[in-house]
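What follows is a set of notes on a single structure, which appears directly below.
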């Protein structure tokens, strides 16, 4: 496994004080928190920072970690020394009880895995009921437009008899409710954590987000399509074929349509309740003047129409 | 892969078809009911009908509550801070969407 330099991750010197470490953590956590950040690899960075903080904030873990020195030379593999952890007491749950709990690196698991994990107290009125679990998946837009089933592989954390946590892959075939919107959640009753004793299983909650579509953009429940039209179609009006999520339709382009004009097809967006709308945004596509007849046509247009596209710029 | 004879699982959209009680939310996000009450008192979550004898939440509260807990826990925010952050995040999201549309 790879050695992790937690000081480097946190951007603090090896002799940093607790206060410096906490400050660095808060700053990095705000920057990379997946609910707040738009950074590209926010989630991975946030987990890394959380793990580093979990070790460096605990005097026992930090002391044990410091004994490892600054790790093997680049390219060398790291293995914990045989007497690792002797004389240290790792107890209590770390800060990882929030977002990234089950997702420590192999490095962390090898060092602190079995010891650092505290079972969460059971709560609620039915102690035998299994726990509710949560997952997040990416869907294609077609799944919400037309419904249908999708197959997901979820990683379910499992704790074995020795206290080691591992992620078990679980494949689910799920009927996607037509009209589900980004950020919404599907509840699968009884698919969560197993029952304790005679209780019922918990539920599984799947939050969905959408992958970008090659043609359509999603905004809330509305869909947008950029539709190229020829200059004469825009100027004179025309009926043109346009793709929609439910199949191509004939769309009437009114005369005098300009670039960026929006045409609304009511109720043809995401089929939720009430359904979203489908917007066609017109783009004027210019034919190339790459042969003599085309050039002649452009020259005829220039001669026929005194047109200054820059009139509004005052020139 | 799931076995071919397994029927696909179907569920409902929480935001659309589910109304939650305090104990539902408490179980779903694994916090004490007392904490749910605090989330309401600080304006992080809102109740559907304030004057009914038992509090009810819309399904959309589930996601809001989960984000609130993560912010509270991971960033060390107190509840008024969480409420402010959530409102600002919503506003930011709305502005980003508007800008995205205007750019087209």
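Every read-out reported here was derived from the displayed coordinates using simple, explicitly stated rules and does not represent laboratory data. Given the structure is predicted, the values throughout are model-derived calculations rather than measurements. Virtual Cβ from ideal backbone geometry, glycine too; neighbours counted across all protein chains shown.
So, R0 is 22 Å and r is the distance between the beta-carbons of residue A:303 and residue B:103; what FRET efficiency does that work out to, to 0.05? Step by step, r from the Cβ atoms, then E = 0.05. Working from Cα pairs under 8 Å separated by at least six residues, relative contact order for the stretch B:17-102 is 28 percent. Ordering A:107, A:278 by the number of other Cβ atoms within 10 Å of each residue's own Cβ, fewest first, gives A:107, A:278.
Distance between the 7 Å Cα→Cβ label points at residue A:37 and residue A:310: 4.6 nm. Rounded to the nearest 0.05, what FRET efficiency is calculated for residue B:19 and residue A:209 with R0 set to 22 Å and r the Cβ-Cβ distance? After rounding, the FRET efficiency stands at 0.35. The distance between label points at residue A:292 and residue A:2 comes to 6.4 nm (points 7 Å beyond Cα on the Cα→Cβ vector).
Compute the label zone of residue A:226 within the stretch A:128-150: residues whose backbone N is under 14 Å from the point 7 Å along Cα-to-Cβ. Inside the label zone: nothing. Look at the stretch A:29-41: the mean tally of other chain Cβ atoms within 10 Å of its residues' Cβ atoms is 3.
Computed from the C-beta positions of residue A:110 and residue B:12 and an R0 of 41 Å, the FRET efficiency is 0.45 to the nearest 0.05. Ordering B:55, A:232 from the fewest to the most neighbouring beta carbons within 10 Å gives A:232, B:55.
Taken residue by residue and averaged, Cβ atoms of other chains lying within 10 Å of the Cβ of B:26-38 number 3.
For the residues of B:10-20, the average number of beta carbons from a partner chain within 10 Å of their own beta carbon is 6. For the pair residue A:15 and residue A:239, the difference between a 0.36 nm per residue extended length and the Cα-Cα distance amounts to 73.4 nm.
Cβ-to-Cβ counts within 10 Å put A:233, A:128 in ascending order as A:128, A:233, the fewest first.
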